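The values are calculated or read from the model by the stated rules, or taken from the named source; none is laboratory data. The structure presented is a predicted model; accordingly, all values stated were derived computationally and were not measured. For neighbour counting, all protein chains shown are included, and Cβ atoms are generated from backbone atoms with ideal geometry for every residue, glycine included. Only protein heavy atoms, including side chains, enter the accessible area calculation; ligands, DNA and RNA are left aside. Shrake-Rupley method; radii C 1.70, N 1.55, O 1.52, S 1.80 Å.
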Amino acid sequence: MKTTRKYNVSFAPIKLSDSLKAQLPAWLHLGAPPKTYHKMKNKCLQSNHHVNSVKDLKETSNRLTNTDIHQTKALCACDECVENRLAGCKNPDKCARIAKQILDNLTPLFNPNTSPLKDNLTLTHRRLEKNSRLSTQRDGEILFDPSITTKNHISECFHIF
């Protein structure tokens, strides 16, 4: 932390791809408003469900959308809930609801359930293909891609100002 303050390093993504949103940590998330986390409620998600990333939160909460199999009660008989109870969870449905609540509280920039507005800066599919072909040629001219979406790695989101 001292080094980040000394060199004024910040995590400042403009627009994140869905895969990068999923890689972000679930706990102490930058996009979570105050009072999003509750030590006692989240303990089961951390210890029994092994939730570490936003992807894990999303996988845990996805069972709520499958109403054909999952039931909103403590003793739900769906495979995921049975597996969670065997791992030590007393109420898998409640944990899934808590995971969904955490995701819903994330700001739109970091929320994996929201799609960012189109900025119309990304190159068309055809232009991207042409760029990839030209990059292998020695004197090929590549068209600048002005996209502001960070796609490859979280490290691209850190900036030094």
TODO: Compute the FRET efficiency between Leu128 and Ala22 as 1/(1 + (r/R0)^6), taking r as their Cβ-Cβ distance and R0 = 25 Å, and round to the nearest 0.05.
DONE: 0.65
- [ ] Please work out how much accessible surface Cys157 shows to a 1.4 Å probe, ignoring ligands, DNA and RNA, in Å² rounded to 10.
- [x] 0
Task: Estimated FRET transfer efficiency (Arg85, His38; beta-carbon r; R0 22 Å; 0.05) - done: 0.55
Open item on the list: Quick check: residue separation of Gln137 and Tyr7 times 0.36 nm, minus the Cα distance between them. What number comes out in nm?
Closed with: 42.9 nm
TODO: Show the residues, 5+ positions off or on another chain, whose built amide H is closer than 5 Å to the amide H of His70.
DONE: none
Task: With at most 10 neighbouring Cβ atoms within 10 Å, loop trypsin sites (Lys or Arg not before Pro) (DSSP) excluded, longest segment of the chain - done: 36-117
- [ ] Could you work out which residue, out of Asn66, Asn52, Asn84, moves most in a Gaussian network model of the chain, that is, has the largest mean-square fluctuation with Cα springs under 10 Å?
- [x] Asn66
TODO: Could you look at region 2-161 and say what percent of its accessible area is carbon and sulfur, using a 1.4 Å probe and all protein chains?
DONE: 54
TODO: Per DSSP H run of n ≥ 4, the term is -39500 (n - 2.57); total these for the chain, divide by its residue number, and report the mean residue ellipticity at 222 nm rounded to 500 deg cm²/dmol.
DONE: -11000 deg cm²/dmol
Task: Entries in Lys73/Lys100; Lys6/Lys41; Lys2/Lys100; Lys21/Lys41; Lys35/Lys55; Lys15/Lys41 that, when Cα-Cα distance is taken, lie over 27 Å - done: Lys6/Lys41; Lys2/Lys100; Lys15/Lys41
TODO: Net charge near Gln101: determine it from the other residues with C-beta under 11 Å of the C-beta of Gln101, scoring Lys and Arg +1 and Asp and Glu -1.
DONE: +3
Open item on the list: If I stretch the segment between Asn120 and Glu59 completely, what's the gain in nm (0.36 nm per residue apart, minus their alpha carbon distance), one decimal?
Closed with: 18.9 nm
